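Engineer: Before I ask anything, let me first share the structure, which is written out below as structure tokens.
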Amino acid sequence: MTSKIMNWLDERLGLTEIYDSILDRKVPKVNFWFTLGSLSLFLFVIQGITGVFLMIYYVPSPDHAFESVEYIMNGVAFGWLIRGIHHWGASLMVLIVFIHMLRTFFTASYKFPREFTWMTGVILLLSTLGMGFTGYLLPWNQRSYWATTVGTEIAGTVPLIGDFITRVLRGGEDLSAVTLTRFFAVHVWFLPAIIIAVIGIHMYMIIRLGESSIPKEEE
Ligand code: HEM
């Protein structure tokens, strides 16, 4: 019965083809360093899942943000664990994405025909860093407040448009409730939407072109 249903669906949706091209595709003989893209993807999924759980209790307003994080740590069952994973996972993801980029650089995987895969990777790296920057403010404690003050100040050193960038980031002259809601929106909606879409393109390119192999000495 189940196999009948599966066959019926397969004929219409091409499930076998999807399975073959995603999970059963041929890969060259590679090593550990070629698995870090998949690890980046895994970490992104973990960040997404723990982030959704944190959002149940987190309140993005200056009056309640700090207390809501305290409550997650001390009042919610396993809240400390979920926040801990999200907190350390963020740093780990930046590190792993960076090493993944270095790997594709050193194996020259950015060359034809994979230039576009590299370009989408650049967007993923910048978005991952953006997630770290916007997430850091959310606990609204002294450290996050002053780190964001300094970070947005640094953005202000860009020639000509620096002041404008600082004001757009802060939503005014100084950090305020506007900054917090702005960073929250970018952290939970804008950047995740960009990352999901761009990972889709990145993965499509990898499936379409296949993975590169370790360059030989004479190459
Ligand atoms: C969220 C971030 C990222 C995710 C989830 C991701 C995911 C992946 C995955 C699963 C692969 C397959 C091979 C492997 O696992 O190593 C891959 C390959 C590749 N990635 Fe990424 N990646 C990310 C960021 C980047 C960045 C920052 C760059 C460079 C700027 C980049 C450039 C490439 C290139 C050129 C390939 C092709 C490698 C080959 O064919 O050997 N990726 N990526």
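Values in this text are rule-based calculations from the coordinates and carry no lab data. Being a predicted model, the structure only gives us computed values, none of them experimental. Ideal geometry is used to build each Cβ from the backbone, glycine not excepted, and the neighbour counts take in all protein chains shown.
Engineer: Using +1 on the beta carbon of Lys and Arg, -1 on that of Asp and Glu, and nothing else charged, what's the dipole of the chain about the Cα centre, debye to 20?
Structural biologist: The dipole of the chain has a size of about 280 debye.
Engineer: Shifting gears a bit: Working from Cα positions, state the angle (0 to 90°, nearest 10) between the long axis of helix 65-74 and the longest principal axis of the chain.
Structural biologist: The angle comes out at about 60 degrees.
Engineer: For the chain, count the residues as N, evaluate 2.2 N^0.38 Å, and divide the Cα radius of gyration by that value, please.
Structural biologist: Rounded to two decimals, the normalised Rg is 1.25.
Engineer: Which of L54, H100, F44 sits farthest toward the positive end of the charge dipole of the chain, with +1 on the Cβ of Lys and Arg and -1 on the Cβ of Asp and Glu?
Structural biologist: The listed residue farthest towards the positive side: H100.
Engineer: Calculate for the chain the 222 nm mean residue ellipticity that helices alone would give, adding -39,500 (n - 2.57) per DSSP H run of length 4 or more and normalising by residue count, nearest 500 deg cm²/dmol.
Structural biologist: -23500 deg cm²/dmol
Engineer: Please get the size of the charge dipole for segment 1-92, origin at its Cα centre, with Cβ charges of +1 on Lys and Arg and -1 on Asp and Glu, quoted in debye to the nearest 20.
Structural biologist: That gives segment 1-92 a dipole magnitude of about 360 debye.
Engineer: Moving to a separate point now. Angle between the Cα long axis of helix 115-137 and the longest principal axis of the chain, 0 to 90 degrees, nearest 10?
Structural biologist: Value to nearest ten degrees: 30.
Engineer: Can you compute the charge dipole magnitude of segment 119-215 about its Cα centre, using +1 on each Lys and Arg Cβ and -1 on each Asp and Glu Cβ, nothing else charged? Give it in debye, rounded to the nearest 20.
Structural biologist: 160 debye
Engineer: On a 0 to 90 degree scale, rounded to 10, what angle separates helix 36-57 from the longest Cα axis of the chain?
Structural biologist: It is inclined by approximately 40 degrees.
Engineer: May I pose another question? Which of the three applies to segment 80-196, rounded, prolate or oblate, going by the alpha-carbon gyration tensor with a ≥ b ≥ c and a/c under 1.5 meaning rounded?
Structural biologist: oblate
Engineer: Taking the Cα centre of segment 17-144 as the origin and placing charges on Cβ (Lys, Arg +1; Asp, Glu -1), which of G75, W88, F116 is farthest toward the positive end of the dipole?
Structural biologist: F116
Engineer: On to the next question. Using each residue's phi in segment 2-18, evaluate 6.51 cos²θ - 1.76 cosθ + 1.60 at θ = phi - 60° and report the 3J(HN,Hα) Karplus result to the nearest Hz, with x for Gly and Pro.
Structural biologist: Ordered by residue, 3J(HN,Hα) equals 4, 5, 5, 4, 4, 4, 4, 5, 4, 4, 8, 9, x, 4, 4, 4, 4 Hz.
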